[in-house]
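Data first, discussion second: the structure below is written as structure tokens.
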Amino acid sequence: QVQLVESGGGLVQAGSSLRLSCVASGRSFSNYNMAWFRQAPGKERAFVAASTWISLSTHYDDSVKGRFTISRDNANTVYLQMNSLKPEDTAVYYCAVGPTFPTVRETNYNFWGQGTQVTVSS
């Protein structure tokens with residue numbers, strides 16, 4: 001059974017950093033993209049960043065470019081380093097895994113974690 005477990009969320013002040021982790025189990029995801037999405041209160045879930053299985057290239061939403069870094073240290077583990085956090089980054093962050101492109105499209109992901117809350121106070 002496939003399972004994605006996120007960790008690392010919390011309550012921090014603006015300007016702080018957090019590192020989210022996601023560990024996938026149940027099968028190898030070496031030929032899958034791994035990504036982070038987030039859902040802020042009252043808003044739809046939105047793409048944040050992705051690490052592709054082809055050449056391990058990375059993609060970012062414009063709102064996090066230069067502040068967030070996605071990395072992957074094996075087929076089943078992905079991280080999101082979040083620096084210079086802003087109150088507007090407050091959301092539940094979800095890890096997702098999927099084999100197809102484009103990476104920004106939520107429907108291209110087959111498996112999802114339960115989410116981890118990130119709250120940034122001003």
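The values are calculated or read from the model by the stated rules, or taken from the named source; none is laboratory data. A quick note: this is a predicted structure, and the numbers were derived from the prediction, not measured. So basically every Cβ, Gly included, is an ideal-geometry build from the backbone, and we count neighbours across all protein chains shown. Please note that ligands, DNA and RNA were not included when accessible areas were found on the heavy atoms of the full protein model with its side chains. Shrake-Rupley method; radii C 1.70, N 1.55, O 1.52, S 1.80 Å.
Contact map, the range 83-97: first residue in contact (Cβ under 8 Å) with a residue 40 or more places away in the chain and at negative phi, second residue part of a helix (DSSP H, G or I) and open to solvent by 10 Å² or more (accessible area, probe 1.4 Å), Cβ cut-off under 8 Å, separation 6 or more or different chains; pairs are Ala96/Glu106.
Residues in the range 77-100 that are open to solvent by 50 Å² or more (accessible area, probe 1.4 Å) and not in a loop (DSSP other than H, G, I, E, B): how many? Final tally of qualifying residues: 3. The set of residues in the range 24-52 that are in contact (Cβ under 8 Å) with a residue 40 or more places away in the chain, more than 21 Å from Val64 (Cβ to Cβ) and open to solvent by 40 Å² or more (accessible area, probe 1.4 Å) comprises Ser25, Ser28, Ser30, Asn31.
Candidates Thr107, Thr103, Thr119: the one that is loosely packed, with under 14 Cβ neighbours inside 10 Å, among the hydroxyl-bearing types (Ser, Thr, Tyr) and over 17 Å from Gln3 (Cβ atoms) is Thr107. Taking the numbered list (1) open to solvent by 60 Å² or more (accessible area, probe 1.4 Å); (2) in contact with a helix residue (DSSP H, G or I) (Cβ under 7 Å, 6 or more places away or on another chain); (3) not aliphatic (A, V, I, L, M) in turn, Gly66 passes all entries but (2). Entry remark, the range 77-122: residues being of a type in the set (Gly, Ala, Ser), in contact with a helix residue (DSSP H, G or I) (Cβ under 9 Å, 6 or more places away or on another chain) and closer than 26 Å to Ala14 by Cβ number 2 in total. Given the condition over 15 Å from the mean Cα position of the chain (by Cα), surrounded by 14 or more Cβ atoms within 10 Å (Cβ to Cβ) and closer than 19 Å to Val118 by Cα, answer yes or no: does some residue in the range 16-23 qualify? Yes, the range 16-23 contains a residue that is over 15 Å from the mean Cα position of the chain (by Cα), surrounded by 14 or more Cβ atoms within 10 Å (Cβ to Cβ) and closer than 19 Å to Val118 by Cα. Residue count for the range 90-100 satisfying the condition of being more than 21 Å from Ser63 (Cβ to Cβ) and among the hydrophobic types (A, V, I, L, M, F, W, C): 1.
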